[in-house]
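To keep things clear, I will list the structure first and then write my remarks on it.
Here, each number is a calculation from the coordinates, and none is a lab measurement. Since the model is a prediction, treat every value here as computed from it, not as a measurement. FYI the Cβ positions are ideal-geometry reconstructions off the backbone, even for glycines, and counts take in every protein chain you see.
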Amino acid sequence: MSDAPRAAVVVVSFEARDALLAALASVQAHAGLPVETVVIDNASADGSAEAARTAHPESLVIANRENVGFARACNQGWRAARAPVVVFLNPDSEVPPGALPALVGLLEARPDVGAAGPRTRNADGTIQVSTGPDLGLSAEWRQRRLVRGVARREPEALAEAEDRHAREHDPAWVSGSCLAVRRAALEAVAGFDEGFFVYEEDADLCRRLREAGWRVVFTPAAEVRHQGGRSMSRAPARARLEYHRSHLRYYDKHNGLVSRAALRLLVAGRGALGWARGRLAGDDARAGEGLALLRLAFRRSP
């Protein structure tokens, strides 16, 4: 029994070989407790799966034939593992000493907590905004102001973000870049909603966990480093479209009619503006992206 893993670390990767290897190395070096590692590779063409198998033979590596998206791959990962706690870790995240024991220990000590997230910092040590309120128009406006202020290194925004992430609290959601979830909680809500390809699947999961009676906790006792957006930076137009698709899906699932209609109008306006600017500039790619967004705004979520 002493060799049984206390946690499973699940890493979903797409075209992020070097970052993936660094993430796995940090887990191997700094786990601090018995863990099993599972890598789900979403049909990368950069040799990620082979490199992970070679460098980390202790890991279970599952190579998908197609990119099935982040949510579905996460579900593959936790269902292939056996530990009672699952830590979802982005390939561009690294865990320093003490992070995993702090997260896993919190869940082990508090049976009412379904998920927990750590404080997250950039590679240079600056804070990232990794918690927030339920997604809604006014809440998101305030959240975006903070995120943009932090990105611009505005002193007031940095101070506010540091204060928000300085103490333990129960937010509406914690970031999926490093998210520890109790297996029983995942089973209770059937895991991630696979209708999200990428983006906002973490906020949706946390909301459904809370609705099922579980607590979602942010703790500064654990801290990770996260570079952010490396996989999706290879296809920025696709990433923007998937963000809006996920945003609309979240609103359709959780928000009222007025909020849903307002968001669709905002997305439609952005698409129409992008199409018009692309046509005027002779930029077919930009016009095409705007048209795709315009169509998305009036398409019903599955």
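What the table shows:
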read-out: Computed magnitude of the charge dipole of the chain (debye, nearest 20; Cβ of K, R +1, Cβ of D, E -1); value: 1080
read-out: Cα centroid separation, segment 40-83 to segment 120-192 (Å); value: 26
read-out: Within the chain, helix-based [θ] at 222 nm, where runs of 4 or more DSSP H residues each add -39,500 (n - 2.57), nearest 500; value: -15500 deg cm²/dmol
read-out: Placed amide H near T37: partners under 5 Å, 5+ positions off or other chain; value: V9, L60
read-out: From the coordinates shown, Cα extents along the principal axes in Å corresponds to which of [x] 53, 40, 34; [y] 65, 40, 39; [z] 71, 40, 38; value: [y]
read-out: Acute angle (nearest 10 degrees) that the helix 236-254 long axis makes with the longest principal axis of the chain, alpha-carbon atoms; value: 80
read-out: Charge-dipole axis of the chain as Lys and Arg at +1 and Asp and Glu at -1 on Cβ define it, positive-most pick from V95, T54, L146; value: L146
read-out: Peptides ranked, highest mean first, by Cβ atoms within 10 Å: ranges 279-287, 109-117, 91-99, 25-33; value: 91-99, 109-117, 25-33, 279-287
read-out: L265/E168 FRET efficiency (R0 41 Å; Cβ-Cβ; nearest 0.05); value: 0.60
read-out: Calculated from backbone phi, Karplus (6.51, -1.76, 1.60) coupling profile of segment 219-226 in Hz, x at Gly/Pro; value: 10, x, 5, 10, 9, 10, 10, 9
read-out: Hypothetical label at L291: residues of segment 234-267 whose amide nitrogen lies under 20 Å (7 Å Cα-Cβ projection); value: 236-242, 244-245, 267
